[in-house]
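The values are calculated or read from the model by the stated rules, or taken from the named source; none is laboratory data. Being a predicted model, the structure only gives us computed values, none of them experimental. All accessible areas refer to the heavy atoms of the entire protein, side chains included, with ligands and DNA or RNA removed. Shrake-Rupley method; radii C 1.70, N 1.55, O 1.52, S 1.80 Å.
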Amino acid sequence: MMASSAAMRDVGGRVIVGLAAVVAVLTAIGYGLIALSIASPMGEELGTLAAPEGPGARAVLLDDGRPAFVVRSGGGVLVVDARVPLEPGVPGRLVGWCGQADGVFIDVVGGGSFGPDGTLIGGPGTSGLLRHPVTLGEDGSTLTVGREPERAPTATGERAALDCPADTEWLTHEPTADEIFDPSVAAEEEPPGWVWLEGRLEQREGQVVLCDDVAAEGCARGALVRGIDPAKLAEQPEAFVGYFIGRVRDGAVEELHLVPGAKESR
C-alpha cells in the first residue's frame, strides 16, 4: 500500500511538472506573439482603392477616415493628404482640386497652391502636402495605401496661379445628408473616427466654439474646439462657416478642418 501511494505521488508530481512545462511553453508563445505584433503591428495599410483610369483626381476618405485625394498624372498614381500643412493653432482646412492643365491643389483660404504630387508651388504655405506610399495591383486597377507618409517638397521655380478658373472642374470632399452632425450633438454623442460637422467657428470668452447655427448671430448651442488659438482665428480674413471634418473626444472637437466649397452629395 505504501509503495502504491509513493508511485501515485510520483505520477502526480510528473503530471504537475508536465502541466507547468505546458503553461511555460504557452506563456512563451503568448509573449512571442505580443512581441511580434509590436514589431509588426496589424493594420499597416490604410485601405485598397480603385485607381483612376485617366488623368485627374478623386476625393476619398482612407480607412481611418482621414481625407485624401487619389491622383493620376504624369508622375503616376499618388495618394495625397488633403489637409493643409499649417502652424500650430491656425484653423485647419482642406485643399480642393482644380482640374486646369495637369491639375493643382488649392488652399482657397490661405491662397496656397500645390502640384499634383503635393509639392508646394505658390502662396504662404509652410510645406508640401503629405503623400502616402501606394502599391498598385497586378492589373493596375487598384492600389493599396501605406500608413507611413512623406512630406512633399517646396518648389523653387515659377509660381502657379492661386485661383481656379470658373469654367474649370473644382473637386472637394462632400458629405451625404445622413453623415452630418450638429456640433453640439456630436459633442454629446461622441461618434467614433472622423465625422462631418456643419457650423460656424466663433471666439467665445477666450475659447473657440463651433456653433450649430451657420447663419444666426450668437451661439446658443455648439461644441468647444481644441487646438485652435482664438487670436489666430481672429486673424483669418475669411469666415470659417460651412462643412467641417474632425474628430470628437471627451465632449470637444479636435483636429477640425474646414472643407471650402463643400456641398451635400446626392
Using modelled amide H (1.01 Å from N, peptide plane; none on Pro or chain starts), what sits under 5 Å from the amide H of residue 90, excluding residues fewer than 5 places away?
229
Could you go through the range 78-85 in sequence order and give the Karplus-derived ³J(HN,Hα) for each residue, using 6.51 cos²θ - 1.76 cosθ + 1.60 with θ = phi - 60°, rounded to whole Hz, and x for Gly and Pro?
10, 10, 10, 5, 7, 7, 6, x
If amide H atoms are modeled at 1.01 Å from N in the peptide plane, then the residues at a separation of 5 or more from residue 204, or on another chain, having amide H under 5 Å from its own are 209
Can you send over the carbon and sulfur percentage of the accessible area for the range 97-138, probe radius 1.4 Å, protein chains only?
52 percent
Per residue, how much accessible surface does the range 133-266 expose to a 1.4 Å probe? Answer in Å², no decimals.
58 Å²
Under a 5 Å amide H to amide H cut-off, with H placed in plane at 1.01 Å, what residues pair with residue 169 once short-range neighbours are removed?
99
